[in-house]
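Report on the structure given below.
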Amino acid sequence: MSDPLTRTFSALADPTRRALLARLAEGPATVNELAAPFQLTLPTVSRHLKVLEEAGLLRKERQAQSRPCRLEPAPLAAADAWIETYRSFFVERLDRLGAQLTTTSGETE
């Protein structure tokens with residue numbers, strides 16, 4: 001089995017799953033509510049939800065007859081923390097590029 005960060009990024013690699021998470025960020029929803037905007041069968045949506053659940057990104061609850069899904073943010077926080085370690089690297093490179101472009105732009109005038 002892969003590590004949690006790999007499961008998170010693997011689950012986030014699919015645009016449908018990202019859209020499902022975006023909807024869940026607004027609040028809990030049933031499978032039918034989550035499937036409504038998509039032209040996908042319920043079994044296909046259920047498979048996407050299973051991937052998200054296995055990655056720890058959502059939790060299914062029991063409420064009487066329905067099983068609403070709820071976003072679990074902890075894996076997203078872990079992914080963000082991992083990305084944060086590289087953010088300063090990219091910011092520094094972009095700052096140097098901006099300085100170079102400013103210098104180059106000033107030379108051509």
Check: Could you say whether any residue in the stretch 21-33 is over 18 Å from the mean Cα position of the chain (by Cα) and at positive phi?
Finding: no
Notebook entry, point to check: Based on what the data block shows, is Leu52 of a type outside the set (Phe, Trp, Tyr), closer than 25 Å to Thr6 by Cα, touching a residue at least 40 places away in the same chain (Cβ under 8 Å) and touching a Cys at 6+ places or on another chain (Cβ under 7 Å)?
Noted result: no
Margin query: Looking only at the stretch 68-109, count every residue that is under 26 Å from Ala11 (Cα atoms), modelled with pLDDT under 85 and part of a loop (DSSP other than H, G, I, E, B) and tell me the total.
Written below: 0
Checklist line | Condition broken by Pro37, with the remaining ones in (1) in contact (Cβ under 8 Å) with a residue 40 or more places away in the chain; (2) assigned to a loop (DSSP other than H, G, I, E, B) satisfied | finding: (1)
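Can you name every residue in the stretch 1-21 that is over 14 Å from Trp82 (Cα atoms) and of a type in the set (A, V, I, L, M)?
The answer is Met1, Ala11, Leu12, Ala13, Ala19, Leu20, Leu21.
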Margin query: Looking at the stretch 5-18, can you tell me whether even one residue there is surrounded by fewer than 15 Cβ atoms within 10 Å (Cβ to Cβ), in a loop (DSSP other than H, G, I, E, B) and out of contact with any Leu (no Cβ under 8 Å at 6 or more places or on another chain)?
Written below: yes
Margin query: Any residue at all in the stretch 76-84 that's among the aromatic types (Phe, Trp, Tyr) and out of contact with any helix residue (DSSP H, G or I) (no Cβ under 8 Å at 6 or more places or on another chain)?
Written below: no
Check: Out of the stretch 5-32, which residues are touching a Lys or Arg at 6+ places or on another chain (Cβ under 8 Å) and not small (Gly, Ala, Ser)?
Finding: Leu12, Leu24, Pro28, Thr30, Val31
Margin query: Could you go through the stretch 29-37 and let me know if any residue there is of a type in the set (Ser, Thr, Tyr), surrounded by fewer than 13 Cβ atoms within 10 Å (Cβ to Cβ) and farther than 20 Å from Ser10 by Cβ.
Written below: no
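The values are calculated or read from the model by the stated rules, or taken from the named source; none is laboratory data. Not measured: the values here are computed from a predicted model. Glycine gets a Cβ as well: all are built from the backbone with ideal geometry, and neighbour counts include every protein chain shown.
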